[in-house]
């Protein structure tokens with residue numbers, strides 16, 4: 001039922017975790033990706049400029065006009081195809097890295113929660129043991145407050161020892 005109606009604390013920590021992941025992605029992943037895409041765009045633009053120069057030369061050289069035009073179009077198509085392939089590959093790699101980082105952060109958070117839980121259980125056990133000792137001490141003080149009670153307790157222990 002907690003998953004259907006999450007508590008305010010759970011929502012708060014989920015928002016904090018998501019914000020940290022988003023910040024890390026923005027800080028470390030998006031800038032290199034955008035830089036590489038920009039660099040690739042510039043190389044494509046320079047390749048397209050080279051194709052335009054080739055067209056100007058083709059007009060000057062009518063004999064080779066048709067052959068050079070077909071070749072330039074093929075190169076342009078290949079460059080665009082390569083650019084699309086590289087872009088898709090970079091996006092896929094970035095998604096993979098983000099997924100791995102998210103899984104690592106989730107695993108770390110789960111381990112931290114488990115460690116905190118174990119620490120709380122250990123602390124609770126220690127407090128229960130301490131309270132048990134205090135209670136036993138108070139009971140023994142009240143039971144052994146008079147000489148008659150002490151003698152009675154010793155006799156009871158002696159009878160138990162003899163029976164065993």
Using 0.36 nm times the number of residues separating residue 46 and residue 89, minus their current alpha carbon distance, what extension gain do you get?
13.3 nm
Could you grab the relative contact order for the chain? Cα pairs under 8 Å, six or more apart, rounded to a whole percent.
18
Spin-label pair residue 39/residue 98, simplified geometry with 7 Å Cα→Cβ offset, distance in nm:
2.1
Just from its helices, what would the mean residue ellipticity at 222 nm be for the chain, if runs of 4 or more DSSP H residues each count -39500 (n - 2.57) and the sum is divided by every residue, rounded to the nearest 500 deg cm²/dmol?
-32000 deg cm²/dmol
Quick one: angle between helix 31-60 and the longest Cα principal axis of the chain, in degrees between 0 and 90, rounded to 10, please.
10
Just to confirm the number: angle between the C-alpha axis of helix 65-143 and the first principal axis of the chain, 0 to 90 degrees, nearest 10?
10
Which log10 I(q)/I(0) values does the range 8-163 give at q = 0.18 Å⁻¹ under the Debye formula, counting every alpha carbon as one identical point scatterer?
-1.12
Which angle from 0 to 90°, rounded to the nearest 10, does the C-alpha axis of helix 147-163 make with the longest principal axis of the chain?
80
Residue 76 to residue 5: extension gain in nm, 0.36 nm per residue of separation minus the Cα-Cα distance?
20.0 nm
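Values in this text are rule-based calculations from the coordinates and carry no lab data. Here the structure is a predicted model, which is why all the values come from computation and not from measurement. Quick reminder, even Gly has a Cβ in these numbers, built from the backbone with ideal geometry, and neighbours come from all protein chains shown.
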